[in-house]
Amino acid sequence: MTVIAADIGGSSTKVAELDGLRVLRASRLPHRGGEADLDALEALVRSWQDDPTPAGPVAAAGLALPGVVDATGVMRSVHDKVGSLVDRDLAGEVGGWLGVPVAVDNDARAAGWGEYVAGAGQGAEVLLTLTLGTGVGSSLVVGGVALRDGPGHRGVLGGHQQLLPEGPACTCGRHGCLEALASGWALPRVVAERREHHPPSSLPDDPGFARVVEGAVTGDPLGRAVLDELVGWWAVGIANACAVVGPDRVVLTGGLASAAPHVLDDLRRRVEALVWEPSAAPDLRVAPDVWASATLGMADHARHLLGKD
Ligand SMILES: [Zn+2]
């Protein structure tokens with residue numbers, strides 16, 4: 001038996017088929033927008049079902065969504081391009097064509113759980129996971145228990161901590177949230193503002209994060225300045241979270257965490273300088289596969305639907 005795990009994000013849908021927590025095959029589908037994302041997911045999974053792996057048929061599935069998901073598995077609000085998926089029984093809809101039970105959760109919470117059970121968060125007592133992607137998500141696992149239930153907000157809105165009240169508008173209606181300052185969707189604004197203060201750069205107006213990192217690594221001053229600004233805000237966000245919950249481990253994941261090899265030492269230094277005292281600084285790590293955290297978490301939730309430990 002296998003499980004299917006899917007992570008519908010603002011830029012792509014990550015899909016994997018797993019045997020336990022071992023990935024058998026995986027794919028990334030480009031973002032199409034709500035309904036079309038579901039159609040593309042169904043087409044891919046049906047093609048996989050027509051070509052089953054030796055591990056056997058699909059027995060359960062998990063779906064991660066980029067919005068607030070309540071205790072019943074329904075996404076109640078979202079601030080991006082998948083608004084058509086709000087207030088829908090997606091566990092029932094996907095389970096209908098897939099023919100298996102489906103678990104649904106917030107993507108950042110799923111990523112945190114994935115890192116706790118199979119990634120860089122293993123063994124942590126208080127684990128904070130930050131998902132640095134199109135937006136910024138967060139999650140907490142304390143003593144092996146994910147902070148969840150209730151209306152669904154618990155632990156997941158760390159990207160909307162307000163760092164600069166007079167700052168740029170955020171998707172949530174406030175200004176200067178961490179997400180509005182240092183996320184994938186904020187990147188074009190950061191590039192435009194920094195460009196005014198730097199010599200001509202080869203970076204285009206909407207370069208994408210990989211291109212910014214490439215520029216920074218190869219000495220482009222604009223690339224360096226943009227990456228430096230993002231790292232600075234990430235450090236403030238992490239230090240604020242440390243002041244409130246005191247995690248012993250912080251794991252970074254999501255597409256923007258792919259820059260980690262180039263910024264992790266700098267980020268550690270900045271966090272250590274901002275926390276109450278050096279001993280309060282968390283063990284800062286990066287997910288081994290920044291694209292797989294949420295699918296791993298949802299695969300584990302799917303396993304539990306089957307009564308697996
Ligand atoms: Zn916000």
With Cα atoms, 0 to 90° folded angle of helix 35-49 axis to the chain main axis: 50
Mind checking the dipole of the chain: about its Cα centre, +1 per Lys or Arg Cβ, -1 per Asp or Glu Cβ, Debye to the nearest 20? 160
For the chain, what is the mean residue ellipticity at 222 nm derived from helices alone (per DSSP H run of n ≥ 4: -39500 (n - 2.57); sum divided by total residues; nearest 500 deg cm²/dmol)? -11000 deg cm²/dmol
Return 303, 189 ranked ascending by Cβ neighbour count within 10 Å, so the fewest neighbours appear first. 189, 303
If you line up the long axis of helix 107-118 against the longest principal axis of the chain, both from Cα atoms, how many degrees apart are they, to the nearest 10? 80
Work out the length of the dipole vector of the range 123-286 about its Cα centre, built from +1 on the beta-carbon of each Lys and Arg and -1 on the beta-carbon of each Asp and Glu, and round it to the nearest 20 debye. 220
P(r) tail fraction, the chain - alpha-carbon pairs more than 26 Å apart, %: 44
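Report the calculated FRET efficiency for residue 266 and residue 189 (r = Cβ-Cβ distance, R0 = 22 Å), to the nearest 0.05.
0.50
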If R0 is 45 Å, what FRET efficiency do you get for residue 39 and residue 306 from their C-beta distance, rounded to 0.05? 0.95
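Which shape class applies to the range 79-168: rounded if a/c is under 1.5, otherwise prolate when a/b exceeds b/c and oblate if not, where a ≥ b ≥ c are the square roots of the Cα gyration tensor eigenvalues?
Details: a/c = 2.21, a/b = 1.18, b/c = 1.87.
Oblate.
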Anisotropy class of the range 112-165 from Cα gyration tensor, a/c 1.5 cut: prolate
Which of 253, 237, 292, positive extreme of dipole for the chain (C-beta unit charges): 237
Helix 293-305 vs. the chain, principal-axis angle (Cα, 0 to 90°, nearest 10): 30
Express in whole angstrom the spacing between the alpha-carbon centres of the range 242-309 and the range 164-226. 22
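Taken together, the values in this text are just the output of simple stated rules run on the coordinates, not laboratory data. Being a predicted model, the structure only gives us computed values, none of them experimental. Ideal geometry is used to build each Cβ from the backbone, glycine not excepted, and the neighbour counts take in all protein chains shown.
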